[in-house]
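The values are calculated or read from the model by the stated rules, or taken from the named source; none is laboratory data. Fair warning: this is a prediction, and the values are worked out from it, not measured in the lab. Neighbour counts run over all protein chains shown; Cβ positions are idealised from the backbone, glycine included. Surface accessibility is based on the protein's heavy atoms, side chains included, excluding ligands, DNA and RNA. Shrake-Rupley method; radii C 1.70, N 1.55, O 1.52, S 1.80 Å.
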Amino acid sequence: MGRRVVSLSEVAASDLPLVGGKAAKLGELVAPGLPIPPGFVVTTDAYQAFVDSTPLGARIQEEMGRVDLQHPEELDRICAGIRSAFEATPFPPDLEDEIRRAYEGFAQKYAVRYSAVRSSATAEDLEGASFAGLQDTYLNITGTDAILSAIRRCWGSLFTPRVVMYRTQKGFDHRTVRLAVLIQKMVDSRVSGILFTRDPNTGENRIIIEAGWGLGEAIVGGEVTPDHYVIDGQTQRLIHKQISDQKVRLVRQPLGGNRREEVPPAERSIQKLSDERIARLVSLARVIESHYRRPMDIEWCADADSIYIVQARPVTTIPKTSETPTKMPPTTNGSTADESPLVRGFGASPGIAGGVARILEGPAEMAKLRQGEILVTSMTTPDMVPAMARAGGIVTDEGGMTCHAAIVSRELGVPCIVGTRTATHSIPDGSEVTVDGKTGQVFRGLERAVHSAAARSDSAPGAGGGPTHGHEHAPVTATKILVNVGVPEKAEEYARLPVSGVGLLRIEFIFTAHVREHPLKLLREGKKEELIRRLTDGLAQVCQAFYPRPVIIRTSDFKTNEYRGMPGGEEFEPVEENPMIGWRGCSRYIAPVYQPAFRAELEAIHRVRTDRNLRNAQIMLPFVRNTWELEQIADMMKEAGLRRSRDFRLYLMAEVPSTVLLAREFSHHCDGFSIGSNDLTQLVLGADRDSETLGRMGYFDERDPAVQRAVEMLIEGAHAEGRTVGICGQGPSVYPEFAEFLVRKGIDSISLNADTVLPTIRTIASLEQRLKLDDARRSG
């Protein structure tokens, strides 16, 4: 039956396929002691059991397979029918009993009267796809029956037209996405809001906090304009406050549910979050960013006594270049832009756009908006995403930098201004305006947009040479730039980046997204062919998207604690005190008990190269400790028809110091190395990469001299034997000085997460040019 209910305190990041993005992120923060409200998760296994035991499963497969976004009326009909079926279908008795017992035990243990019931999808809070506000959440729910009803409604929210449209645009398969539901103790929020650890509009090192009275849903939904605080990222000093006039707030009703009430006049225009609480929140945010080692978008709330973290996800929309994108209107009548702005607000998504302003009262008027027009409204809702996607720019009366309009606009790349207060009254419907999403100003006329486009055209390389694409003129670098791919569904999108191929495709992501069961369990059940087919399909999807550019597939590197969490895993996986340096990587492949599973991986890769004729598939082995295990693995690869040759390369992850110390010896067994900087740093410095304490104290840092010396030794040893060295990780994009060190030492390639590719290419190109100039000066 799988794991259908799990405690939030037992959830790890590797459980994302089981508990969804929201719960996986929060569960990961429980162990370090961050203030997360207690809860439990009704997992994706429970969702699958529900749909498989009812006619819903067949209905979803059939109707989602014929979704056509060009026929919105038919999409509305299909989605309404599926949602109604979820709400009307009773739970299987055994599943209902399991959830009832879990909730009643949870309520008794934590003295829970009110609960939050929150959707947590397998495709949400991902890099480049936040699914902001698209799936349902229900707050202040009381009683077991109400909890069960809310769970079904959350499941049904996977199939609203707006979610289906968003998934289609982001390349996710509707028939494979599953939804978990997170039930947490409800905080009686006096004040709540959102925090960005990096300015999402400009990318500057500034912490942005927005705060408002009552429940945070009013802020996210754009019903109120929150206080806006800016903190310097270096000094942690509060450098700017903008206090809003908040007239209404969302609060708990005594019998459950929420209600809107007027804020007492004396509280409307005062600072919502004290300076002391701002400092406390900044401290928590620094811990969270240190844990994830990337900019984070954090939702928080506070009662009379404490601050709580209720969501943490990567910032999906940090600007990728210093350039300001310009969207031009389809036509112009030659009007000019007045120097004084019509309205001002928060610049929420950068860029300059000119076009006809179209005031919309709500989703019912979306058809009024033509392609490229400026959408002006009080506040967008998730139902308005189709209109937002065709807008040239967006302007709202309400909202802050973390409201729905801001988040979705940044993902769509549409210039956006929020919190103007008066846009729907100050901007005439049908007038021509220019929107500056960086400065937060709207001007009359189109002259500013025209001048901005002309300036960009004149300064662009190859100006006048025909149509271009966003990265067509990315600078050429001597250092090869590759991209990391997680889920196969993003491969088509990432393949459009100016990269030389895929430097890291983790096969365990194929396991979690496409296989979803422990491989030894499938093999024992006689499902070897099914296992190989699922792996082949997932790998081939990526190789096809990038063909003929190489795709380096890293074979599985699950730790025992991660494998135990997969259905059937407990039977095959030992309990280890320190799985990070336990039975993982190559040591698994040569163990007789696991060899059949590894051979299935090899067979899948062989089929990708032969049956699918995608000979760009290459292999990389993780967590290599010694050369004798490589000899055994080479024999298994040969038996699977995988022999090193000019068009089939074998790479090794350099994570264990032994590969550095004996780089020349390891070079005889491979065609190149890829530095796994997290594990290498951990093992060189003896610093547990999962230790929040050591992380906060500064022990875990790729820039440490000992780590850099190890990297230097590896490059020297590998190059002496004619082998290449790359790195796959965020270090070069997060730390420009680390990127400069790698380039100076002659790194051959750098593989990056997709959202950092373009800015890092520019950084590397600038570094290489500067190094050439330095060499020229010295030689001169």
> By Kyte-Doolittle mean hydropathy of at least -1.0 and Cα axial length of at least 30 Å, which whole DSSP H helices of the chain are selected?
Replying inline: 757-779
>> Can you tell me which aspartates and glutamates have their Cα less than 14 Å from the Cα of LYS368? Leave out same-chain residues fewer than eight positions away.
In response: ASP429
>> At 1.4 Å probe radius, can you tell me the per residue accessible area of the chain in Å²?
In response: 40 Å²
> Listed here are the pairs LYS528/LYS638; LYS247/LYS272; LYS25/LYS185; LYS22/LYS490; LYS109/LYS272; LYS22/LYS247; which of them are more than 22 Å apart at the Cα?
Replying inline: LYS109/LYS272; LYS22/LYS247
> Sorting TRP628, TRP583 by accessible area (1.4 Å probe), largest first, what list results?
Replying inline: TRP628, TRP583
> If you take the alpha carbon radius of gyration of region 1-124 and divide it by 2.2 N^0.38 Å, what ratio comes out, to two decimals?
Replying inline: 1.22
>> Can you tell me how region 69-116 classifies by the Cα gyration tensor, rounded, prolate or oblate, using a/c under 1.5 as the rounded cut?
In response: prolate
> In the neighborhood of ARG100, defined by Cβ-to-Cβ distances under 13 Å, what is the net charge if each Lys or Arg adds +1 and each Asp or Glu adds -1?
Replying inline: -4
> Can you work out the FRET efficiency for the pair GLN61 and ALA776, with r the C-beta to C-beta distance and R0 = 45 Å, to the nearest 0.05?
Replying inline: 0.10
> Using the C-alpha atoms of region 188-230, what convex hull volume per residue, in cubic angstrom, is computed?
Replying inline: 65 Å³
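Quote the charge dipole size of region 613-733 about the Cα centre in Debye, to the nearest 20; the model charges only the Cβ of Lys and Arg (+1) and of Asp and Glu (-1).
Values: 13 positive and 18 negative charges, 92 e Å.
Using Cβ point charges on Lys, Arg, Asp and Glu, region 613-733 gives about 440 debye.
When you count, for each residue, the other Cβ atoms within 10 Å and take the mean per peptide, how do 301-307, 356-362 rank with the highest first?
Answer by packing, highest mean first, reads 356-362, 301-307.
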> Taking the highest mean first, how do the peptides 478-486, 45-53 order by number of other beta carbon atoms within 10 angstrom per residue?
Replying inline: 478-486, 45-53
> What figure in square angstrom, to the nearest 10, would you give for the accessible area of VAL287 with a 1.4 Å probe?
Replying inline: 20 Å²
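What's the ranking of 656-662, 180-186 by average number of surrounding C-beta atoms within 10 Å, highest first?
180-186, 656-662
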>> What does the net charge come to around PRO17 if you take all other residues with beta carbon closer than 12 Å to its beta carbon, with K and R at +1 and D and E at -1?
In response: -2
>> Considering only protein heavy atoms and a probe of 1.4 Å, how much of the accessible area of the chain is carbon and sulfur, as a whole percent?
In response: 49 percent
>> Eigenvalues of the Cα gyration tensor times 5, then square-rooted: what semi-axes does that give for region 596-734, in whole angstrom, largest first?
In response: 30, 17, 14
> Taking the Cβ-Cβ separation of ASP275 and LYS109 as r and a Förster radius of 41 Å, what is the calculated FRET efficiency to the nearest 0.05?
Replying inline: 0.70
> Ignoring ligands, DNA and RNA, how do TYR229, TYR110 rank by accessible area with a 1.4 Å probe, largest first?
Replying inline: TYR110, TYR229
> If the cut-off is a Cα-Cα distance under 18 Å, which lysines reach LYS772, setting aside same-chain residues fewer than 8 apart in sequence?
Replying inline: LYS480, LYS745
>> Helix-only estimate, please: 222 nm mean residue ellipticity of the chain, summing -39500 (n - 2.57) across DSSP H runs of length 4 or more and dividing by its residues, to the nearest 500.
In response: -11000 deg cm²/dmol
>> From the protein chains alone at 1.4 Å, what is the descending order of accessible area for LYS521, LYS772, largest first?
In response: LYS772, LYS521
> For region 342-386, what relative contact order do you get, as a whole percent, if you take Cα pairs closer than 8 Å and at least 6 residues apart?
Replying inline: 36 percent
>> For a quick check of understanding: with a 1.4 angstrom probe and all protein chains in place, what accessible area in square angstrom does HIS669 have, to the nearest ten?
In response: 50 Å²
>> Taking each pair of distinct Cα atoms in the chain once, what is the resulting Kirkwood hydrodynamic radius in Å?
In response: 27.8 Å
